[in-house]
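Working notes, structure below.
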Amino acid sequence: MSKCLLDLGEKEYRAKQILNWIYNKYTTDFSEMTSLSEALRIKLQSILSISIPTIITKTVSNDGTTKYLLSLQDRSNIEMVIIPNGKKNTLCISSQVGCARECTFCATAKLGLNRNLETHEITSQVFLAIREMGEDKLTNIVFMGMGEPLDNFENVVKAIRILQHDLCFNFSPRRITISTSGVIPQIAKLAETGLKLKLAVSLNSAIQSKREILMPISKTYPLSELKKNLLDFRKKTPYRITFEYVMIKDFNIGQEDVKALLKFLGDISCKLNVIKWNEVDDLPFETPATREIDKFISSMNVLSSAVTYRRSRGADIGAACGQLAAKNI
Ligand code: SAH
């Protein structure tokens, strides 16, 4: 922004004024930026445009979770979800149109990868959500919507810098989480950027052969390597890693699974977040019964790490984890 204004022969402080209009007053129309001279407003309008995705549908679940189907400039669709929980409001955003990682239990995987989102297409989901919710309501951002954030590394990192920048969204690092299927080289690269944020890793099985069935990425980046890399990552970053574990009936919550999981997590300072598998049409998995879920969770009690059971939110509207398929319903 500064460079663009300098090129126009304007003073650099104009950039700050424009950022203030965008990020504090949520204006995207240059003609409304009245602290700029009229000539500059007209000039900016003729050479720049700020594009925000269009809301195609907004669906509100019984539990207040709201799913937005958004259309981008090239008419690709993505989804974002707002999950209210007491005073906490979490925004779940997408990083790609579709996903290349082919996890066999996830609805987004069925789409394949269409393309990476541009940086502004990532940050504008946050912008839209704040406009929808009203200021000061959004407390947390999670990259758990469509896509593998670390497969769109450069744009995701740039977007996070904008989310954290004090002249932009000024979001605290503790309140931004990237969730990954385990793209090892990019996890190492992320640590090197020095960017502060929370990392979540979708584990889903600590048994190599089973994880390969659920997450083909595990064939390229096996569990043993993943663990080594996460221990390294942990040394370089201030926050504990969260492991996510989707519970699937008769597949990954039996005794051997518990044993493998306890062994895998034993020496990592981390959190474990378990969630039951949410129904996706045509996929060969089932959600476990409550009794089986309780049994699995109680067998995790021996862990020193915090274990949380994330209740599925928005499942009635297809907005729960793994149900995002950008279908226009
Ligand atoms: N690609 C990233 C982020 C998107 S998936 C990743 O893999 O982490 C976000 C989370 O939803 C992941 O933890 C994934 O394991 C979970 N998930 C996917 N499909 C699901 C389903 N059908 N039910 C419950 N959780 C699911």
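The values are calculated or read from the model by the stated rules, or taken from the named source; none is laboratory data. Computed from a predicted model, the values in this text were never measured in an experiment. Cβ atoms come from the backbone with ideal geometry, glycine included; neighbour counts cover every protein chain shown.
Suppose we filter segment 194-210 for residues that are in contact with a helix residue (DSSP H, G or I) (Cβ under 6 Å, 6 or more places away or on another chain) and not hydrophobic (A, V, I, L, M, F, W, C); how many remain?
Counting residues in segment 194-210 that are in contact with a helix residue (DSSP H, G or I) (Cβ under 6 Å, 6 or more places away or on another chain) and not hydrophobic (A, V, I, L, M, F, W, C) gives 4.
Just one of the numbered conditions (1) outside the structural domain of GLN208 (by TED's automatic domain parsing); (2) farther than 30 Å from ILE55 by Cα is not true of ARG291; which one?
(1)
Quick grid of which residues meet (1) outside the structural domain of ALA260 (by TED's automatic domain parsing); (2) within 16 Å of the ligand (Cβ to nearest atom); (3) on the phi > 0 side of the Ramachandran plot:
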position: GLY134; (1), (2), (3): no, no, yes
position: LEU138; (1), (2), (3): no, no, no
position: GLY145; (1), (2), (3): no, yes, no
position: VAL156; (1), (2), (3): no, yes, no
position: CYS168; (1), (2), (3): no, no, no
position: LYS196; (1), (2), (3): no, no, no
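Between LYS87, LYS110, LYS43, which is in contact (Cβ under 8 Å) with a residue 24 or more places away in the chain, farther than 18 Å from CYS168 by Cα, of a type in the set (Lys, Arg) and within 16 Å of the ligand (Cβ to nearest atom)? Step through it out loud before you land on a result.
Working: LYS87 fails: within 16 Å of the ligand (Cβ to nearest atom); LYS43 fails: within 16 Å of the ligand (Cβ to nearest atom).
The unique qualifying residue is LYS110.
So which helices (runs of 4 or more DSSP H) are wholly in segment 193-297 and hold at least 3 residues that are surrounded by 17 or more Cβ atoms within 10 Å (Cβ to Cβ) and not hydroxyl-bearing (Ser, Thr, Tyr)?
By residue number, 208-214, 223-236, 255-265.
Pick from GLU154, GLU121: which is surrounded by fewer than 18 Cβ atoms within 10 Å (Cβ to Cβ) and more than 10 Å from the chain's Cα centre (by Cα)?
On inspection, the qualifying residue turns out to be GLU154.
Taking the criterion of being among the charged types (D, E, K, R) and under 28 Å from ILE217 (Cα atoms), would at least one residue in segment 82-102 satisfy it?
Yes - at least one qualifying residue is present in segment 82-102.
Residue by residue through segment 44-81, note down the ones that are at negative phi, assigned to a loop (DSSP other than H, G, I, E, B) and of a type outside the set (Gly, Ala, Ser).
LEU48, ILE50, ILE52, PRO53, ASN62, ASP63, THR65, LEU72, GLN73, ASP74
Quick check on segment 292-315. Is at least one of its residues closer than 17 Å to ARG211 by Cα and within 13 Å of the ligand (Cβ to nearest atom)?
no
From ASP282, ASP257, grab the single residue that is out of contact with any helix residue (DSSP H, G or I) (no Cβ under 7 Å at 6 or more places or on another chain), within 16 Å of the ligand (Cβ to nearest atom) and at positive phi.
After applying the criteria, what remains is ASP282.
For the subset of segment 213-261 comprising residues that are within 17 Å of ILE178 (Cβ to Cβ) and hydroxyl-bearing (Ser, Thr, Tyr), which member is farthest from the chain's Cα centre (by Cα)?
Among those that are within 17 Å of ILE178 (Cβ to Cβ) and hydroxyl-bearing (Ser, Thr, Tyr), it is TYR221.
Which residue, of ILE275, ILE248, is within 16 Å of the ligand (Cβ to nearest atom) and closer than 22 Å to ARG175 by Cβ?
ILE275
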